[in-house]
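Undergrad: Structure in structure tokens, see below.
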Amino acid sequence: AQPEILPPGHEVPQPRIQLPAPIVTRILIGINVAVFVAMVAMTRQIISFDTLTALRWGADFAPATASGEWWRMLTSMFLHGGIIHLAVNMWALRNLGYTAELFYGRRNFLIIYLLSGLGGSSATLLWRPDAVSVGASGAIFGVAGALAAMVYFKKLPVDRAVLKRDIGSIGAVIFYNLVIGAAVPIINNSAHVGGLIAGFILGYTLPAMIFRVEREKSNTPGFMAIAAVLATILIISYTGRQRLAPESEAYRAEQAYDAGNKDEALQHAQRAASMHPETFYANYLVGAIYLENHRGADAVP
């Protein structure tokens, strides 16, 4: 075949770059939406779910979590308080997740998301033990932290101004949301901060796979960061368990009482009262159970 000579001014069409589909982000959004739909179908609530419903579905509540229900640290990441809470978080996850998954690759993005969410749950266990916490915002803040680390601190073979323009002012968005979270008591800012720190560390050390210079780097720093974040989550969880021992015993007493095991409930309540002799709730439980068992003399003190 003879080479074709194109006339002057004829533009050669450039091949379009096919970007990988953000499969992990779509799956995460799908799980969150599916759980919400299931909750609506079972409870007939949609604008907002009551606290008891959230607890039954796996919300993070420190006394329950520290009593052995550690799975709540994970399940709470896929629960939301209502339709508006879900919509806002899924909008943020779509925008940030698509970008982070493109830059970091599916595996690294999933690691950042899950460990940031667990980091937010562990921070809640330590700093907001009274809160019943649900939502993907801790994980989403982690994704934002990873993008901020990439834009502002990684040495990448691309103009940093272009990254800032294309991704947006991630730092300003983070700062604005932290200020709002600090001003509104119902927002669990501890989960935001915990997720942000975990995501930033992981985003800085894990390679941004879209760049060849990053792909060719050693994986050791990333593995060490993953291990460090996991170790921190475990240490915080253990610390929270020790601090919340009386509250956890009171929670176990409630669970046993609701199940009809009053003797077991009394034992847990007595342990809680012995750990914190001046606490109201544990002593109230002990007294109430004594009264139900017609032991008024024991109930009075």
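The values are calculated or read from the model by the stated rules, or taken from the named source; none is laboratory data. Since this is a predicted model, take the numbers as computed values, not measurements. No Cβ is skipped: glycine too gets one built from the backbone with ideal geometry, and neighbour counts run over all protein chains shown. Each accessible area value is taken on the protein alone, full model and side chains, heavy atoms only, with ligands, DNA and RNA left out. Shrake-Rupley method; radii C 1.70, N 1.55, O 1.52, S 1.80 Å.
Undergrad: So Gly240 ticks every box in (1) part of a helix (DSSP H, G or I); (2) open to solvent by less than 70 Å² (accessible area, probe 1.4 Å); (3) under 17 Å from Ala144 (Cβ atoms); (4) in contact (Cβ under 8 Å) with a residue 40 or more places away in the chain but one. Which box is left unticked?
TA: (3)
Undergrad: For the subset of the range 256-266 comprising residues that are touching a helix residue (DSSP H, G or I) at 6+ places or on another chain (Cβ under 8 Å) and open to solvent by 10 Å² or more (accessible area, probe 1.4 Å), which member is modelled with the lowest pLDDT? Steps first, please.
TA: Applying the first criterion (touching a helix residue (DSSP H, G or I) at 6+ places or on another chain (Cβ under 8 Å)) to the range 256-266 yields 256-257, 262, 264-266.
Pick out the ones that are also open to solvent by 10 Å² or more (accessible area, probe 1.4 Å) and you get 257, 262, 264, 266.
Working: Tyr257: 91, Lys262: 88, Glu264: 93, Leu266: 91.
Per the stated criteria, the residue is Lys262.
Undergrad: Have a look at Leu96, Leu52, Leu19 and point out the one that is at pLDDT below 95, of a type in the set (A, V, I, L, M, F, W, C) and not in a helix (DSSP H, G or I). Before the answer, list the steps.
TA: Details: Leu96 fails: not in a helix (DSSP H, G or I); Leu52 fails: not in a helix (DSSP H, G or I).
The conditions single out Leu19.
Undergrad: Among the residues of the range 267-283, write down those that are open to solvent by less than 80 Å² (accessible area, probe 1.4 Å) and among the hydroxyl-bearing types (Ser, Thr, Tyr).
TA: Residues of the range 267-283 that are open to solvent by less than 80 Å² (accessible area, probe 1.4 Å), as a first pass: 268-270, 272-273, 279, 282-283.
Once the filter is applied, which keeps residues that are open to solvent by less than 80 Å² (accessible area, probe 1.4 Å) and among the hydroxyl-bearing types (Ser, Thr, Tyr), the range 267-283 yields only Thr279.
Undergrad: Would you check which residues across the range 32-49 are within 22 Å of Val88 (Cβ to Cβ), open to solvent by 70 Å² or more (accessible area, probe 1.4 Å) and in a helix (DSSP H, G or I) and list them?
TA: Val37
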